[in-house]
Amino acid sequence: MSAKFHYINHACFTLESNGKTAIFDPFLDGNPEGLQAKDIKADYVFISHAHFDHIADAYAIAKANKALVISTAEIAGDAGNNGCQAHGMHLGGTFQFPFGKVRIAMAFHGSGIAGGHACGFVVDFYGTKLYYAGDTALFGDMQLLQRQDAFDYAVLPIGGNFTMDPKDATIAAEFLKAKYVIPVHYNTWPPIKQDVNAYKKEVESTTSSHVLIVKPGETIELK
Ligand code: NI
Ligand code: MN
């Protein structure tokens, strides 16, 4: 089954398939459609870590929709204490949800919450297979992810300063061997301003991946 990928802004996007919607790292500030938490319909809320630019609108959206928060144990616990339904997992853990399998992937970044760890997700959403790296540095074990759970799409931060920059995210693309790379977490603020067209050119000339540039507010169809 195909899925609709809607890029809201920054690192926030939704996947819609089979009448269900998953939102990743809800942060609605400055989105070009002017979406507010009350406008968002979601069944699942994925949170990679607790920095404000990934979690700011997460609990409001989860509560309004009675959606299930999927995150690391520390964030899931905090979500539960804030009135959300939550499923806690942790690094290297996998679980079969009604839509498909989720793996909590490593990420090298701050957690934003006591005792926590930032993470990424490998998600099979009704047959659409995607890796969302969250905020992370480049790390060599990205090479293992495709072997553990095959995926077609890799959603990668390319902004630099807080995460991989385009150069490191090109090596990440080489490691991940996804058919498609979707860049996120760039151009939101001056320190993470990047030339996404140059990134696309570099990835496509040095790896077998294609880069799908999705502008905030745009929707594309994923296989
Ligand atoms: Ni962060
Ligand atoms: Mn971030």
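The values are calculated or read from the model by the stated rules, or taken from the named source; none is laboratory data. As the structure is a prediction and not an experimental result, all values here were calculated from the model. Note that each Cβ is placed from the backbone with ideal geometry, even for glycine, and that neighbours are counted across all protein chains shown.
List of remarks:
- Breaking point among (1) on the phi > 0 side of the Ramachandran plot; (2) buried (at least 17 other Cβ atoms within 10 Å of the Cβ), for residue 68: (1)
- Contact annotation: residue pairs with Cβ atoms under 8 Å, 6 or more positions apart or on different chains, pairing a residue in the range 39-65 that is closer than 22 Å to residue 118 by Cβ and touching a residue at least 40 places away in the same chain (Cβ under 8 Å) with a partner that is of a type in the set (Ser, Thr, Tyr) and away from ligand 1 (no atom under 16 Å from the Cβ), are 44/21.
- No other residue among 52, 97 is within 16 Å of ligand 2 (Cβ to nearest atom) and either at positive phi or modelled with pLDDT of 95 or more (or both) apart from 52.
- Beta carbons closer than 9 Å, at least 6 apart along the sequence or on distinct chains, pair a first residue in the range 144-170 that is within 15 Å of ligand 1 (Cβ to nearest atom) with a second that is outside any loop (DSSP other than H, G, I, E, B) and charged (D, E, K, R) for 158/168; 160/167; 160/168; 162/53.
- Qualifying residue in the range 81-89 (condition: within 16 Å of ligand 2 (Cβ to nearest atom), at pLDDT 95 or above and crowded, with 22+ Cβ neighbours inside 10 Å): no
- Qualifying residue in the range 122-139 (condition: surrounded by fewer than 17 Cβ atoms within 10 Å (Cβ to Cβ), at positive phi and out of contact with any Asp or Glu (no Cβ under 9 Å at 6 or more places or on another chain)): yes
- One residue alone among 8, 61 is over 27 Å from residue 144 (Cβ atoms), under 13 Å from the mean Cα position of the chain (by Cα) and among the hydrophobic types (A, V, I, L, M, F, W, C), and that residue is 8.
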